[in-house]
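A.B. asks: Provided herewith is a single structure, encoded as structure tokens, for subsequent inquiry.
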Amino acid sequence: MTAEAPDAARRAVAAFVETFGAAPRYLVRSPGRVNLIGEHTDYNDGLCLPLAVGLELCLAFSPAEEAGALIEVFSEDREAPARVHLPPPALSASGPPGRAARAQAGWAGYVEGVVAAMGAAAGAGASRGWYGSLASDLPAGAGLSSSAALELAVARACAVTWRRDWDPVAAARLAHRAENHWVGAATGLLDQLACAASTAGHALRIDFRDLTMLPVAVPDSVVVAIVDTGTRRELVTSAYGQRRAECVRAAAGLGVASLRDLGDHLPADAADRLDPVELRRARHLVTENTRVRDVVAALARSDLARAGAVLLDGHRSLRDDFEVCGPELDAAVAACRTAPGCHGARMTGGGFAGCVLALVDAQSADAFAGAVLGDYRAATGRDGVVHLCRPVGGTSLIPVQEHLPRTTNDSMKESGQE
Ligand code: GLA
């Protein structure tokens with residue numbers, strides 16, 4: 001089936017009203033992301049082209065009246081709230097504290113880590129607490145960056161409460177520090193930057209060598225279809241760390257600081273200097289950076305056939321050279337290729353499980369979804385879900401009023417609180 005229109009904003013506000021008995025002062029929406037092309041390039045100083053999608057996490061919150069209070073976040077699908085006492089805990093730059101030293105595991109650990117990172121930046125300003133309720137339409141572990149969406153929503157709530165200017169790139173870097181040093185997931189900066197700094201209607205070309213960013217318009221005639229294969233992965237325990245280490249070894253074997261430094265071609269003697277695994281990893285990185293440039297150029301001239309062909313190349317490279325595909329991801333891409341209106345498709349995100357994306361003519365989107373789900377089911381016996389997306393803007397505050405449950409809205413009007 002295709003997904004319903006998301007309504008995390010309404011659910012977050014309703015949960016807040018139910019939990020705290022009043023309307024929230026603020027509402028943050030924080031999107032998930034897909035990466036159009038440029039996979040595993042972020043930690044290799046490379047290029048990528050993600051976009052934020054309308055599947056999002058929303059956090060309704062109010063600053064506490066008193067300084068020195070608590071940050072307390074309720075989630076719609078967890079019984080226990082995340083609680084962080086102020087002043088914020090210290091975040092060590094030397095690496096993740098051991099699991100035993102961390103007060104909270106799971107989603108609450110992300111909240112705690114971001115409060116620690118934002119708190120370190122805010123100094124004495126981080127004295128006031130806030131309380132909130134969150135709701136999410138982002139499936140966890142599907143490769144759509146539900147964690148980055150949570151991190152940036154919490155960062156935004158801290159910034160509002162502590163009266164800090166909102167700088168999306170700075171916030172993304174702090175959230176990334178929290179993920180690396182607190183949660184202990186050695187991921188790159190792609191997810192947080194895409195979630196924080198994207199603009200509506202555009203993908204975001206990011207150069208990780210210097211963090212320069214360029215919005216790239218995605219033609220109105222297409223949608224980005226996300227096919228959730230229903231398979232899930234746990235990033236912290238996946239082969240992600242192993243791939244990172246292989247890239248470091250490949251760069252060392254070729255005498256460069258990072259694989260980006262190789263430019264568009266492997267050296268002629270690469271096969272003599274690397275083992276076969278390192279050679280395949282390096283080849284993926286070199287060709288993937290070129291593919292990002294190719295897709296940016298193709299989108300600029302609305303050449304969707306070319307953009308789609310490059311996505312398919314990227315899929316083959318992730319499958320055969322970087323070896324992070326999986327049977328369901330591969331089956332979903334095969335189903336997309338023959339579906340109506342599809343220009344091209346690839347697995348997206350860290351790999352092994354989760355989602356594939358396809359560039360699809362907007363007019364054919366429904367027919368595409370029906371065909372893909374039928375073929376995917378026939379090939380794997382699994383039910384997938386298709387989300388038809390256009391690029392949206394990054395983490396932002398949105399008005400509370402229009403998301404209030406009707407009864408609250410009416411009683412607020414009556415009491416003149418509008
Ligand atoms: C995960 C990581 C990102 C990036 C991608 C692969 O999503 O969190 O930093 O490395 O995998 O492109």
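A.B. asks: Rounded to two decimal places and with Rh computed the Kirkwood way over Cα pairs, what is Rg over Rh for the chain?
C.D. replies: Computed over Cα atoms, the ratio is 0.99.
A.B. asks: Could you give the nm distance between label points at Ala200 and His265, where each point is 7 Å from its Cα heading toward the beta carbon?
C.D. replies: Placing both labels 7 Å along Cα→Cβ, they lie 4.6 nm apart.
A.B. asks: With N set to the residue count of region 222-391, report its C-alpha Rg divided by 2.2 N^0.38 Å to two decimal places.
C.D. replies: Details: Rg = 17.0 Å, N = 170, 2.2 N^0.38 = 15.5 Å.
Ratio of Rg to 2.2 N^0.38 Å for region 222-391: 1.10.
A.B. asks: At 7 Å along Cα-to-Cβ for each site, give me the label-to-label distance between Ala90 and Asp361 in nm.
C.D. replies: Going by the 7 Å Cα→Cβ label model, 6.2 nm.
A.B. asks: Continuing with this model, one more query. Listed highest first by mean packing, meaning other Cβ atoms within 10 Å per residue, what order do 292-301, 154-163, 182-191, 239-248 come in? Before the final figure, lay out each step's value.
C.D. replies: On the way: 292-301: 18.8, 154-163: 23.9, 182-191: 22.3, 239-248: 17.0.
Answer by packing, highest mean first, reads 154-163, 182-191, 292-301, 239-248.
A.B. asks: I need the fraction of alpha carbon pairs in region 125-211 separated by more than 16 Å, rounded to a whole percent.
C.D. replies: Values: 2150 of 3741 pairs.
For region 125-211, the fraction of Cα-Cα distances above 16 Å is 57 percent.
A.B. asks: How would you rank 113-120, 83-90, 377-384, 8-15, highest first, on the average number of other Cβ atoms within 10 Å across their residues?
C.D. replies: Per-residue mean Cβ counts within 10 Å order the peptides as 113-120, 8-15, 83-90, 377-384.
A.B. asks: Could you work out the equivalent-ellipsoid semi-axes for region 281-331, taking the square root of 5 times each eigenvalue of the Cα gyration tensor, largest first, in whole Å?
C.D. replies: Computed over region 281-331, the values are 22, 14, 5 Å.
A.B. asks: How far, in nm, would the chain grow between Ala379 and Glu18 when pulled straight, counting 0.36 nm per residue and subtracting the alpha carbon separation?
C.D. replies: Fully extending the segment from Ala379 to Glu18 adds 125.5 nm.
A.B. asks: Give the angle, between 0 and 90 degrees and rounded to the nearest 10, that separates the Cα long axis of helix 304-320 from the longest principal axis of the Cα atoms of the chain.
C.D. replies: 80 degrees
A.B. asks: Moving on to the next point. What percent does the relative contact order of region 222-391 come to when contacts are Cα pairs within less than 8 Å and at least six residues apart?
C.D. replies: Relative contact order for region 222-391 comes out at 33 percent.
A.B. asks: Per residue of region 111-126, what does 6.51 cos²θ - 1.76 cosθ + 1.60 with θ = phi - 60° give for ³J(HN,Hα)? Whole Hz please, x for Gly and Pro, Karplus curve as stated.
C.D. replies: 4, 4, x, 5, 4, 4, 5, 5, x, 4, 6, 8, x, 5, x, 8
A.B. asks: A further question on this structure: Counting only residues 5 or more places away or on other chains, whose amide H sits under 5 Å from the amide H of Arg128 once H atoms are built in the peptide plane?
C.D. replies: Gly68
A.B. asks: Taking 8 Å as the Cα distance limit and 6 or more residues as the minimum spacing, I'd like the relative contact order of the chain as a percentage.
C.D. replies: Relative CO of the chain lands at 23 percent.
A.B. asks: Per-residue ellipticity at 222 nm for the chain, helices alone: DSSP H runs ≥ 4 residues times -39500 (n - 2.57), over residue total, nearest 500 deg cm²/dmol? The partial results should precede the final answer.
C.D. replies: Numbers: 12 runs with 160 residues, N = 418.
Only helices count here, giving -12000 deg cm²/dmol.
A.B. asks: Over region 261-343, what is the mean sequence separation of C-alpha contacts under 8 Å (at least six apart), divided by residue count, expressed as relative contact order in percent? Each step should come with its number before you reach the end.
C.D. replies: On the way: 50 pairs, mean separation 21.8, N = 83.
In percent, rounded to a whole number, it is 26.
Just so you know, all these numbers are worked out from the coordinates, no wet-lab data involved. If you're wondering where the values come from, they're calculated on a predicted model, not measured in any experiment. Quick reminder, even Gly has a Cβ in these numbers, built from the backbone with ideal geometry, and neighbours come from all protein chains shown.
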